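These notes are about the structure you will find just below.
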Amino acid sequence: MAAKAEPYVSTTNACKLCKPLGACLAFRGIEGAVPFLHGSQGCATYMRRYVISHFREPMDIASSSLGEKHAIYGGGPNLKQGLANVMNKYGAKLIGVASTCLTETIGDDVPLLVQEFRREKAGQDNLGETPVVTVSTPSYSGTHMEGFHAAVKAVVEQVAQGGDPTEAVNLLPGFVSPADLRHLKEILDDFGLKGIVLPDLSDTLDGPAELDYEKIPAGGTPLTDIFAMGRSRATLEFGRTLIGKKTAGQALEGKFVIPLKRLGLPIGLRETDRFFQVLEELAGQPTPPLHERERGRLIDAYVDGHKYIFNKKAVVYGEEDLVVGLTAFLLEIGVRPVLCASGGKSGHFHEAIAEVSDNLLPEPPMVREGLDFYEIAEEVEALAPDLLIGHSKGYHLARRWGVPLIRVGFPIHDRFGGQRILHLGYRGAQSLLDRIVNTVLEKKQQDSPVGYGYL
Ligand code: SF4
């Protein structure tokens with residue numbers, strides 16, 4: 001007898017974003033690269049709008065601009081014409097092509113189309129030689145984070161090369177803020193390590209003002225570094241929920257035998273300690289005094305802030321690995337996560353939360369994956385949290401319950417400076433702690449009939 005199908009439940013205000021959006025963000029972090037969507041114009045417009053509102057930077061996303069007839073006859077000719085246009089008009093050093101719901105549904109074979117393009121353009125200027133990375137990202141099969149990781153994996157699989165070993169260390173941080181990326185690069189430098197950070201959005205999505213418009217913003221992981229990733233001595237990859245998945249780190253390990261170390265996002269003291277311990281081993285030296293002192297100040301701040309935030313209840317939501325890192329951090333500072341929720345469905349979310357909870361709670365937090373905001377609202381009604389911690393899509397829930405929202409991660413559409421929020425390292429934990437303590441104090445002050453000026 002055939003198995004009974006699961007009843008279909010529609011999503012109401014998803015707690016995740018479109019898969020090729022994540023891929024486009026990853027491609028934006030490569031020097032001279034242009035993200036390219038094989039799909040309709042509307043997909044690219046929606047993504048550009050979404051990204052600009054968070055980063056306050058222009059973000060060009062090319063598109064094969066398919067219409068109704070291509071849904072029947074295929075989008076190959078438009079894809080090839082689009083690739084030639086981007087190469088000629090932008091002078092792209094690399095094009096990252098992500099598929100979309102439409103082109104996956106009609107069954108366009110994008111890698112085959114790109115091969116045909118190369119054959120047809122062989123010998124014509126540089127058209128046949130510019131690297132074109134392809135990644136399959138139907139949005140109905142996953143989240144923007146999965147699209148992001150899939151694009152990074154596609155880049156190392158299709159671009160990295162082997163050869164004589166180097167002393168470089170590959171760092172695959174996942175989708176973190178430009179401020180986080182700048183801090184990670186600074187940490188690697190302070191340890192004296194040559195790091196190859198892929199992707200690197202620190203300048204391409206948070207660059208200085210320029211007098212002239214740049215078609216492709218400066219910055220990003222240099223292509224020469226990506227070629228050399230197959231020769232590095234080690235790879236560090238952030239993401240506890242990536243266990244068991246074929247990732248970029250595993251691709252480098254499998255193809256080039258580069259040892260892979262998987263770590264949680266270094267949010268809070270313990271996860272950052274684990275990251276620094278690995279850096280100490282790789283660098284063969286202790287943590288530099290600057291970072292030791294930041295760690296010491298952080299512990300001091302944990303002690304000072306404890307009386308204000310101890311036992312406050314928080315609902316944490318967003319990308320799985322960000323929620324895992326934030327949960328680790330909240331437990332250290334005495335805030336009780338009562339619900340850890342994500343729109344992602346890696347299958348490892350519960351396990352990762354249990355790992356970082358480390359017996360710090362008498363009872364584990366409620367952990368729910370694959371949720372939308374309708375379901376989060378249902379859960380939260382009974383939990384009566386003091387804080388919401390997540391991206392700006394949770395604002396309406398925070399407003400409904402009169403609970404402060406601490407904005408972290410992506411997207412942040414209703415505040416300024418989302419790209420400069422620091423989450424990682426001892427310095428990131430310090431910044432998060434200050435924001436949380438001050439938010440609790442502000443709420444107390446607002447709710448007080450007296451309005452104490454000394455808290
Ligand atoms: S969900 Fe699908 S149709 Fe909608 S923007 Fe993303 S790729 Fe395009």
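Read-outs: derived from the displayed coordinates by stated rules, not from any lab. Since this is a predicted model, take the numbers as computed values, not measurements. Using ideal geometry, Cβ is built from the backbone for each residue, glycine included, and neighbour counts are taken over all protein chains shown.
List of remarks:
- For the stretch 64-173: rounded, prolate or oblate by the Cα gyration tensor [a/c cutoff 1.5]: oblate
- Gain in span if fully extended, ALA209 to TYR140, counting 0.36 nm per residue against the direct Cα distance: 21.1 nm
- Length available on full extension from LYS246 to HIS350: 0.36 nm per residue minus the Cα-Cα distance, which gives 35.5 nm.
- Rg [Å, one decimal], Dmax [Å, integer] - the stretch 187-226, C-alpha atoms: 12.4, 36
- A helix-only calculation puts the chain at -14500 deg cm²/dmol for mean residue ellipticity at 222 nm, using -39500 (n - 2.57) for each DSSP H run of at least four residues, averaged over all residues.
- Annotation for LYS4 and PHE416: the two label points, set 7 Å from Cα along the Cα-Cβ direction, are 5.6 nm apart.
- Orientation-averaged projection of the stretch 214-264 equals 4.7 nm² [convex hull of Cα atoms, one quarter of hull surface area].
- Placing R0 at 45 angstrom, the Cβ-Cβ distance between ARG400 and LYS194 gives a FRET efficiency of 0.35 after rounding to 0.05.
- All-pairs alpha carbon distance profile, the stretch 36-91, 5 Å steps from 0, percent: 4, 20, 25, 20, 17, 9, 4, 1
- Annotation for ALA301 and ASP60: the two label points, set 7 Å from Cα along the Cα-Cβ direction, are 3.9 nm apart.
- Taking the number of Cβ atoms within 10 Å of each Cβ as an exposure proxy, the fewest-first ranking of LEU201, LEU371, LEU171 is LEU371, LEU171, LEU201.
- Rounded Å value of the spacing that divides the Cα centres of the stretch 143-188 and the stretch 288-359: 24 Å
- With a simple spin-label model that places each label point 7 Å from the Cα along the Cα-to-Cβ direction, the separation between THR105 and TYR46 comes to 1.1 nm.
- Residues in the stretch 162-192 that a label on GLU292 would reach, taking backbone N under 19 Å of a point 7 Å out along Cα→Cβ: 187-192
- Global dimensions of the stretch 304-347 from alpha-carbon coordinates: Rg and Dmax equal 11.3, 37 Å.
- Counted by neighbouring Cβ atoms within 10 Å, the residues LEU242, LEU326 run from fewest to most as LEU242, LEU326.
- Equivalent-ellipsoid semi-axes of the stretch 1-141, from the Cα gyration tensor, Å, largest first: 28, 20, 12
- For the stretch 122-208, the C-alpha radius of gyration sits at 1.32 times the compact-globule guess of 2.2 N^0.38 Å, with N the residue count.
- Cα extents of the chain along the three principal axes, largest first (Å): 75, 60, 55
- Listed by chain and number, the lysines placed with their C-alpha closer than 29 angstrom to that of LYS307 are LYS443, LYS444; residues fewer than eight positions away on the same chain are left out.
- Here the alpha carbons of the stretch 153-262 define both size measures, Rg and Dmax, at 14.4, 47 Å.
- Cα gyration tensor, the stretch 332-455 - rounded (a/c under 1.5), prolate or oblate: rounded
- Prolate/oblate/rounded call for the stretch 147-198, Cα gyration tensor, a/c under 1.5 rounded: oblate
- Equivalent ellipsoid semi-axes, the stretch 259-412, via Cα gyration tensor eigenvalues times 5, rooted, Å: 29, 18, 14
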